[in-house]
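A quick write-up on the structure given underneath.
The values are calculated or read from the model by the stated rules, or taken from the named source; none is laboratory data. Please read all numbers here as calculations on a predicted model, not as lab measurements. Quick reminder, even Gly has a Cβ in these numbers, built from the backbone with ideal geometry, and neighbours come from all protein chains shown.
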Amino acid sequence: MVRRRRPVAFTRSGDLVEVRLGDEERDLVSNLAGQFHSLLTEGPGPDQRRLYPTAYPDDPVRNADYADLVHDDLLRSRLEAADVVTATVGNDTLEPDELEQWMVVLNSLRLILGTRLDISEADEFDPEAPDGAERSLLLWLGMLLEEAVEASLGFLP
């Protein structure tokens, strides 16, 4: 039996990136970007732990100083990325900077979902597990991120 690979989600087309997601996939990405935006505006929480990792684990004072220095900029940039994804999810093509914002959101969603599921690199995928649907979503987000990165490589100097 020959296994067919699904169409690539992102592919470079000249100076743009073509988006090849179906309507249901676009709706899901839009919904997730909206949830991400809402989660960020609710304030810090345990699901965001991997978004803002500890810079100085052995020095709480330096770590707090670092967090004070970068947190607002990171939050602002992630909120802007969620807004770009929401605004462009229906587009057939993306500018390279828009694709970069998609990558920020896709990666952030993976980090949040991985935190909620308490997943590590050593975990095996079990589709029969009680959290199989969430783990499938995590894999799908990872696939989208990988394809976005591959499409973006052509724009590097």
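General observations
- Of all residues in the range 117-145, those satisfying the criterion of being part of a helix (DSSP H, G or I), of a type outside the set (A, V, I, L, M) and surrounded by fewer than 14 Cβ atoms within 10 Å (Cβ to Cβ) are G132, S136.
- Flag for V105 being assigned to a strand (DSSP E or B), closer than 24 Å to S152 by Cα and in contact (Cβ under 8 Å) with a residue 60 or more places away in the chain: no
- Number of residues in the range 32-59 that are assigned to a loop (DSSP other than H, G, I, E, B) and among the β-branched types (V, I, T) equals 1.
- Subset of the range 27-46 [surrounded by 13 or more Cβ atoms within 10 Å (Cβ to Cβ) and within 14 Å of the chain's Cα centre (by Cα)]: L28, V29, S30, L32, A33, G34, Q35, F36, H37, L39, L40
- Check on L21, touching a residue at least 12 places away in the same chain (Cβ under 8 Å), of a type outside the set (D, E, K, R), under 22 Å from F155 (Cα atoms) and part of a helix (DSSP H, G or I): no
- From L99, L79, L75, residue being free of Cβ contacts under 8 Å to residues at least 40 places away in the same chain and either among the β-branched types (V, I, T) or under 25 Å from L144 (Cβ atoms) (or both): L75
- Among (1) more than 18 Å from N107 (Cα to Cα); (2) assigned to a helix (DSSP H, G or I); (3) in contact with a helix residue (DSSP H, G or I) (Cβ under 7 Å, 6 or more places away or on another chain) - the single one T11 does not satisfy: (2)
- Members of the range 84-119 that are of a type outside the set (D, E, K, R) and over 17 Å from the mean Cα position of the chain (by Cα): G90, N91, T93
- Test for V70: is it within 22 Å of F36 (Cβ to Cβ) and either at pLDDT 95 or above or not in a helix (DSSP H, G or I) (or both): no
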